[in-house]
Amino acid sequence: MDKVLEIQFSGWTSTPRLPFVLSGNAICMPTPSYSLVLGIIGCCLGRNILATELKLGFKYSFDTVAKDLETRQRLENNGGKIKKHSKGSDAYLREFHVLPKLIVWLNKVEWKEFFENPIGTPSLGRSQDILCIDSVLLKDVERVDKGNLGGSLLPFSPSLNAAGQLVQLAESYIENEDVGTGRTPAASKMFISIPHDNNSEVVCGNLFRTKEEEPVYFYLHEFDNE
């Protein structure tokens, strides 16, 4: 592969929430998950994206972290159906990122027109975390052995020499056919979420860099076929 589609997004706020934190403050991961980035892509295309359709990489950064007091509507499972919680809403502190920037690389160069004229309005986390599409370009790339992967999400392995937050994540989700029954997680794995200000080099497979005066390094993720 020598060419990829590069899409640059920016916004005012984002909420790449850390999963499985069910009480207390809502906390953000240093990066989005792959399922969240797939949702952004699907929003621009106007349909659900199957993880097996593509390979993708991303680089994420933000200015600072802030908190806000919000009211949330709690939900509960009622015989396989989702309904409002019997105890109603409550207030809690939610963490969010300020002035996020997201660069996404796809092997689907034929999708360029969908990002030039997106069908939906992409957001990074909550519906109010709206993203602006700053540029859509075709980039020449080359495979490399190592590079700076700050702001990336990598599958964890004991041999991986990278500093970040370990987190158990589903690579993607499959939408259930019945409305209100939620989604089915696919291929749950351990990942390491590397902060954008981590400037150390990482050695791993599927690593590429753009062919330009100031190259950008990124990991291109291949999803599990299961």
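Throughout, read-outs are computed from the coordinates displayed, never taken from laboratory work. Just so it is clear, the model here is predicted, and its values are computed rather than measured. Positions of Cβ are generated from backbone atoms using ideal geometry, with glycine treated the same way; all protein chains shown enter the neighbour counts.
So the values come out like this:
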quantity: Cross-link partners of LYS211 among lysines (Cα-Cα below 17 Å; sequence separation of 8 or more within a chain); calculated: LYS3, LYS59, LYS139, LYS146
quantity: Distance (nanometres) between label positions extended 7 Å along Cα→Cβ at VAL65 and ARG47; calculated: 3.9
quantity: Acute angle (nearest 10 degrees) that the helix 34-45 long axis makes with the longest principal axis of the chain, alpha-carbon atoms; calculated: 90
quantity: Residue-count net charge about TRP12 - beta-carbon cut-off 14 Å; Lys, Arg +1, Asp, Glu -1; calculated: -2
quantity: The range 92-226, relative contact order [Cα under 8 Å, separation at least 6], %; calculated: 26
quantity: The range 80-194: translational diffusion in µm²/s, Stokes-Einstein, Kirkwood Rh over Cα pairs, 37 °C, 0.692 mPa s; calculated: 178
quantity: Net lengthening on full extension, MET1/GLN128 (0.36 nm per residue, minus Cα-Cα); calculated: 42.1 nm
quantity: Simple Cβ-charge dipole of the chain, Lys/Arg +1 and Asp/Glu -1, about Cα centre, in debye nearest 20; calculated: 780
quantity: Counted charge near VAL202, where neighbours are those whose Cβ lies closer than 15 Å (Asp, Glu -1; Lys, Arg +1); calculated: +1
quantity: Cα Rg over Rh - the chain, Kirkwood; calculated: 0.96
quantity: LEU56 long-range amide H proximity, modeled H, under 5 Å; calculated: HIS221
quantity: Selection from VAL202, TYR173, LEU50 lying farthest towards where the dipole of the chain points positive, charges on Cβ; calculated: TYR173
quantity: 222 nm mean residue ellipticity, helices alone, for the chain (DSSP H n ≥ 4; -39,500 (n - 2.57); rounded to 500); calculated: -2000 deg cm²/dmol
